[in-house]
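The values are calculated or read from the model by the stated rules, or taken from the named source; none is laboratory data. It should be emphasised that the depicted structure is a prediction, and the values quoted were computed from it without experimental measurement. Note: ideal-geometry Cβ built from the backbone for every residue, glycine included; neighbour counts use all protein chains shown.
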Amino acid sequence: MTRERIFLFDTTLRDGQQTPGIDFSVEDKIAISQLLDEFGFDYVEGGYPGANPTDTAFFSEKRTQKARFVAFGMTKRAGMSASNDPGLAVLLQAKSDATCFVAKSWDYHVRVALGCSNEENLESIRDSVEAARAAGKEALVDCEHFFDGYKANPTYALACTKTAHQAGARWIVLCDTNGGTQPAEVTEIVAAVIASGIPGSSLGIHAHDDTGQAVANSLAAIDAGCRQVQGTLNGIGERCGNANLVTLIATLCLKEVYSNRFETGIDVERLAGLTRLSHAFDELLNRSPNHQSPYVGASAFATKAGIHASALLKDPRTYEHVPPESVGNFRKVMVSDQGGKANFINALKRRGIEVGKDDPRLDQLISIVKEREATGYAYEGADASFELLARRTLGTIPDFFSVDGFRVMVERRFDSFGRVKIVSEAVVKLTIDGAPHMSVAEGDGPVNALDLALRKDFGRYQHEIDDLSLADFKVRILNGGTEAITRVLIESTDGTGVRWWTVGVSENIIDASFQALMDSVIYKLMKNRELAGKIAAE
Ligand SMILES: [Zn+2]
C-alpha cells in the first residue's frame, strides 16, 4: 500500500522567534537552519526579510541545501499594485525558494486591521501569489485566524482559500492563530474546506497550543485531509507555543494509525536523531531540556525501581508505548541499561568509531559519560567533546601538547582620566614536543584573555589553528547556592565553515571555559588530520 506524504514545515525561526525571551542572532539562525535542514524537514521558514536587520541579513543567502527555504511576509497592500509595493519587492528579492504570505481570512480583521474591503483583500491574496510565482517562487498562503474567521463568516473564509488556490498557491495553510480551536472543530472545518473544492494535498495546518492541543489539532487536521503540518522545535512560540514538531514527527512515524497511512521526510535512521535534535536546540537556547517532553525528555522512558522495573527488564514492551531507541532516547531503569549500550554503539558508529558490544572499554566509556553527565556535562550539545572523550577512552588521541598550568588576573582600576578600567590578563604554560611554551595575553574579559594566551604560541601547530575562531560562548549555572556548578559551551568554527561544540564543567567559570577551549583546539587538530568523525563537524 502506498502511503501519502505529509510535509513537515518548520517555523522555529519565524513564529518561534515570537517566544518571550528568545531573540535569534543571524548566527543562531544559521546554526538552527542547518540543524533543521540536516534533519530532513521539507520546509524551513527563516523569518520576515525586510522587517528587521537580522532577517534581512539572514535572507541575503539561501541557508538550506535540501529543505525549501521560506521567506514570510505580508500580502501586497490594498490600493497599490503588486509591482509598486516596496515590502513585497523586498520579500521577493530574498534568497528563498518559497514565499509564505500571511493573509487575513476573517472579515472582521480585514475591516478592522487592514481597513480595506473584503474584495480588496482577495485581490491582495491573488496578486501576491501571482507575483511570487512570476518571481520563480513557490507560493504559500497562511490564512490567519482561519478557524475563528470561518466560524464568523464561512463564505468569506472559504473565498480567501479559494482565491489563493486559484492563483496557484502550492499550499493554503489554515492557521489557528489564537490557539483556542478544539480538535472536533478542526476536523469539521477542514472537511468543509476540502468539500469546497480545495484538495487536502494543498492544505496545511498551523496550530497554537493555548488549550494544550496544538499537536492534537494538527493530527485532527491531518486526519481530516491536510498534508502539510507546521510547528516549531520543542513547541516554542508566542504565548503557550506552537505545535511541537518533535512530538508530531515521532507520532507520525511511530504510531501505526499514522505510519500505516503516511510517510514523512524522516526515515527510521533520522528519527533516531530526534532526541539529539531536541536537546541540541535547547542547548542553543541555553536552557535545560524539559525532562517530561513526550518521546525525547530524560524522563520519557524512565522507570523507578519497583514492581514495574523487573517486568520492564523482561519485556520492555510491557511498559513502553514505543522503543526509546527509536527516537534516540534511553530507557532508564535503576538496574541495567542495555538500551543505553546500543545507543552508545550507534552514536560511536556515526562518528566512525567501531567498538564491539562486549569490549570492556565501552562499559568504561558509558560509565564515564554517566558520571560526567551527573556532574553537569551535557554531551548532546557538545558533540566534539563527546567524540574526544570516546576516542580518549578508546585510546586513539595523539598527545599533541600538555598544559602545565594557567593563571588569569582581572584588575579593576582607574585610568589617568579617572575612568574605571577592567583589565584581564592570562598566562598559559604548555609543553609541546618536550619544549615549554609560555604565553601572556590581555583580552576583553578573562575568558578572551585565556583564549588568546592559549592560542598565542602553539609551536609547530600554530599555523594549523590560525583559522580557528570562537563563534559562541554559553554559560549556565547548574545549581544555585554555595555549591553552584558552571557549565560552559563553546561553539567553534574554522576556515572550512564547519562548526563544532565543546563543553567544560567546573565550580569555577574560568576553569570550565578552559576545558571547553582545550577540547576545541584538540578537536581542530584532530579534524585537520581527518581523525575526527564527520558528525560532530557537520
Ligand atoms: Zn502562528
Go through the range 466-500 residue by residue and tally those that are among the hydrophobic types (A, V, I, L, M, F, W, C), under 17 Å from Asn448 (Cα atoms) and either within 22 Å of the chain's Cα centre (by Cα) or modelled with pLDDT of 95 or more (or both). 7
I'd like to check something: does the range 111-120 contain any residue that is crowded, with 24+ Cβ neighbours inside 10 Å and closer than 26 Å to Asn242 by Cβ? no
Name every residue in the range 451-477 that is small (Gly, Ala, Ser), closer than 30 Å to Asp28 by Cα and free of Cβ contacts under 8 Å to residues at least 60 places away in the same chain, in order of residue number. Ala453, Ser469
Does at least one position in the range 140-148 carry a residue that is away from the ligand (no atom under 16 Å from the Cβ) and either of a type outside the set (Lys, Arg) or more than 20 Å from Gly180 (Cβ to Cβ) (or both)? no
Take Asn153 and tell me if it is modelled with pLDDT of 95 or more and within 16 Å of the ligand (Cβ to nearest atom). no
Does Asp494 meet the test of being exposed (fewer than 12 other Cβ atoms within 10 Å of the Cβ), touching a Ser or Thr at 6+ places or on another chain (Cβ under 8 Å) and not hydrophobic (A, V, I, L, M, F, W, C)? no
Cβ-Cβ under 7 Å, sequence separation 6+ or interchain: first residue in the range 195-215 and modelled with pLDDT of 95 or more, partner within 16 Å of the ligand (Cβ to nearest atom) and hydroxyl-bearing (Ser, Thr, Tyr). Which pairs? Ile205/Ser218; Ala207/Ser218; His208/Thr177
Does the range 38-51 contain any residue that is among the small types (Gly, Ala, Ser), out of contact with any Lys or Arg (no Cβ under 9 Å at 6 or more places or on another chain) and either under 24 Å from Cys160 (Cα atoms) or within 16 Å of the ligand (Cβ to nearest atom) (or both)? yes
Restricting the range 178-202 to residues that are surrounded by fewer than 24 Cβ atoms within 10 Å (Cβ to Cβ) and not in a helix (DSSP H, G or I), the residue that is farthest from the ligand (Cβ to nearest atom): Gly197
What are the residues in the range 427-460 that are closer than 21 Å to Lys524 by Cα and buried (at least 18 other Cβ atoms within 10 Å of the Cβ), if any? Val428, Leu430, Val447, Ala449, Leu450, Asp451, Leu452, Ala453, Leu454, Arg455, Phe458
